[in-house]
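Below is one structure, written out as structure tokens; comments come after it.
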Amino acid sequence: MTAMQAPGRASADGIWHNLRLAGSLAAPDVPVAEGACAALVVQGGRIAWLGPQEALPAAHGALPRHDAQGAWATPGLVDCHTHLVYGGQRAHEFALRLDGASYEEVARAGGGIVSSVRATRAASEDALYASALPRLQALMAEGVCAIEIKSGYGLALEHERKQLRVARRLGGALGITVRTTFLGAHALPPEYAGRSQDYIDLVCQQMLPQLAEEGLVDAVDAFCERIAFSLAETEQVFAAAQRLGLPVKLHAGQLSDMGGAQLAARYQALSCDHIEHLSPQGIAAMQAAGTVAVLLPGAYYTLRDTHLPPIAQLRAAGVPMAVSTDHNPGTSPALSLLLMANMACTLFRLTVPEALAGITRHAARALGLQDTHGLLAAGRAADFVLWPVDELAELAYWLGQRPACTVVRQGRIAHGTGAPLP
Ligand code: NIG
Ligand code: FE
């Protein structure tokens, strides 16, 4: 390097040498032993070649070189489930829960999601942008190169549009891949109290088609739960998404098992998220449909949940498990994906390689980005992170401190600590 190079200055085409690779995060055909000295060639913003350093093809020899000084390389991290754009915050509910109120009680008393809806509706698009920006920057500083951002705190066309427009603007301004998810069926807005079906009709017949037409929707999500929408209502949302050719995802099994996983699998959902309450039938359906299980340990922790997701059964069935922040002001005010990896290991007993695959490979798949993101492989976007740590397990090990890293996006140093790599 040029390890000290300022962000953005590195030439995009080049050879990154003297780095270490984890087998599970590189394409299966890359013949590099775990931790052995490897090299990676970037051309045109993509990975052109990846392999053992001594096998570097001579044809690439003239490109500029960047010495990674033995740092471990991972793909750019992927945060596949966030509610990053919202007005206000909900610290008072945190206090209420410490006083003994449950999430469900707070929600039924007019707090919860609906209180964020009030604050989001009251905020301008610029104000939402300004509050979401540092949150996204915090995630990116830790290596996140692709992120999902949901709507669902507007619950009316203009306010859902506002959230999704902010998500798109953030992606454009910060040069990060943003996938937007329309979550109009997140909660029943107060003006529709007692008229759930009318609201679902609005979501399916007006909001979703209009926002899709405006190019604001990459996927469609719903909250299938006794404090949110029924299985039948969720299916109407999925059918509307299917008519528009949009993939679906589902918040399912957070508080109870309503059979959401089976429904999601019938619609070839990209993912089922939360799933603390998940039956063997749900697991089998997800496995057959290739639906990713998105684990959200931040929400589990914040709500002091004790009902663990069925990790051993998901593992045995071969269901890919992703891990995400679920960043939101109510159940998971988390802004560290690595902390979620730690919690997935400590609370859910994932292995470190599983947790790292959960914030890269499987998270990319949960967003339909499996062909471009989440894996170090020739042909993929040259989005990767260099970690000057002794062991890759340190990514899931440290608590309350970010390991230093250098983030490379499209082959350029996007940001980093500026510290020399070891
Ligand atoms: O993923 N489960 C529903 N949605 C969010 C919580 C939203 C909120 O409480 O504001 C979640 O946990
Ligand atoms: Fe969520």
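The values are calculated or read from the model by the stated rules, or taken from the named source; none is laboratory data. Note that the structure is predicted; figures quoted are calculated from it, not measured. Note: ideal-geometry Cβ built from the backbone for every residue, glycine included; neighbour counts use all protein chains shown. Accessible surface areas use protein heavy atoms only, side chains included; no ligands, DNA or RNA. Shrake-Rupley method; radii C 1.70, N 1.55, O 1.52, S 1.80 Å.
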(request) At a 1.4 Å probe radius, which order do TRP49, TRP72, TRP16 fall into by accessible area, largest first? (result) TRP49, TRP72, TRP16
(request) Have a look at ALA107, ALA252, ALA299 and tell me which one the Gaussian network model of the chain (Cα, springs below 10 Å) gives the largest fluctuation. (result) ALA107
(request) Just add up the charged neighbours of LEU25: K/R +1, D/E -1, any other residue whose Cβ is under 15 Å from the Cβ of LEU25. (result) -2
(request) Report, in deg cm²/dmol and to the nearest 500, the calculated mean residue ellipticity at 222 nm for the chain, where each DSSP H run with n ≥ 4 adds -39500 (n - 2.57) and the sum is divided by the residue count. (result) -9500 deg cm²/dmol
(message) If you split all Cα-Cα distances of the stretch 354-417 into 10 Å bins from zero, what percentages do you get per bin, shortest first?
(response) 20, 46, 32, 1
(request) Express as a percent, rounded to the nearest 5, the fraction of DSSP beta bridges in the chain (both residues included) that run antiparallel. (result) 45
(request) Give the relative contact order (percent, whole number) for the stretch 324-422; include only Cα pairs under 8 Å separated by 6+ residues. (result) 21
(message) Quick check: convex hull over the Cα atoms of the stretch 87-196, volume per residue in Å³, rounded to an integer?
(response) 109
(message) For the chain, compute the orientation-averaged projected area of the C-alpha convex hull (one quarter of its surface), in nm².
(response) 19.1
(request) Heads up, I need the accessible area for CYS204: 1.4 angstrom probe, whole protein in place, Å², nearest 10. (result) 20
(message) Tell me which GluC sites (Glu not before Pro) from the stretch 138-213 have a DSSP coil assignment and no more than 16 other beta carbons within 10 Å of their own.
(response) none
(request) With a 1.4 Å probe and every protein chain left in place, work out the accessible area per residue of the chain in Å², rounded to a whole number. (result) 37
(message) On a 1.4 Å probe surface of the protein chains, which of THR372, THR346 comes out largest in accessible area, and what is the full order?
(response) THR346, THR372
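Multiplying the sequence separation of ARG243 and ALA95 by 0.36 nm and subtracting their Cα-Cα distance, what value in nm do you get?
49.0 nm
Could you tally the net charge around TYR153, taking each other residue with its Cβ under 10 Å from the Cβ of TYR153, Lys/Arg +1 and Asp/Glu -1?
So the surrounding residues net to +3.
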(request) Using only the C-alpha atoms of the stretch 171-263, find the volume of their convex hull and express it per residue in Å³. (result) 118
(message) With viscosity set to 1.567 mPa s at 4 °C, what whole-number translational diffusion coefficient in µm²/s follows for the stretch 87-132 from Stokes-Einstein and a Kirkwood radius over Cα pairs?
(response) 115
(request) Let me have the relative contact order for the stretch 30-181, percent, based on Cα pairs under 8 Å that are six or more residues apart. (result) 22
(request) Find the percent of Cα-Cα distances in the stretch 299-422 that exceed 17 Å, and round it to a whole number. (result) 63
(request) Report in % the part of the accessible area of the chain that belongs to carbon and sulfur, leaving out ligands and nucleic acids; probe 1.4 Å. (result) 53
(request) Assign unit charges at the C-beta atoms only (+1 for Lys and Arg, -1 for Asp and Glu), then state the dipole size of the stretch 224-306 relative to its Cα centre in Debye, rounded to the nearest 20. (result) 160
(request) Subtract the Cα-Cα distance of GLU105 and GLU125 from 0.36 nm times their separation in residues, and report this length gain in nm to one decimal. (result) 4.1 nm
(request) Take the Cα coordinates of the stretch 1-125, assign each an equal point scatterer, and use the Debye formula without solvent to give log10 I(q)/I(0) at q = 0.12, 0.20 Å⁻¹. (result) -0.64, -1.11
(request) List the longest stretch of the chain that has no exposed loop site; here a site is one of the trypsin sites (Lys or Arg not before Pro) assigned by DSSP to anything other than H, G, I, E or B, with at most 15 other Cβ within 10 Å. (result) 10-194
(request) Considering only DSSP beta bridges where both residues belong to the stretch 232-348, give the percentage that are antiparallel (nearest 5). (result) 10
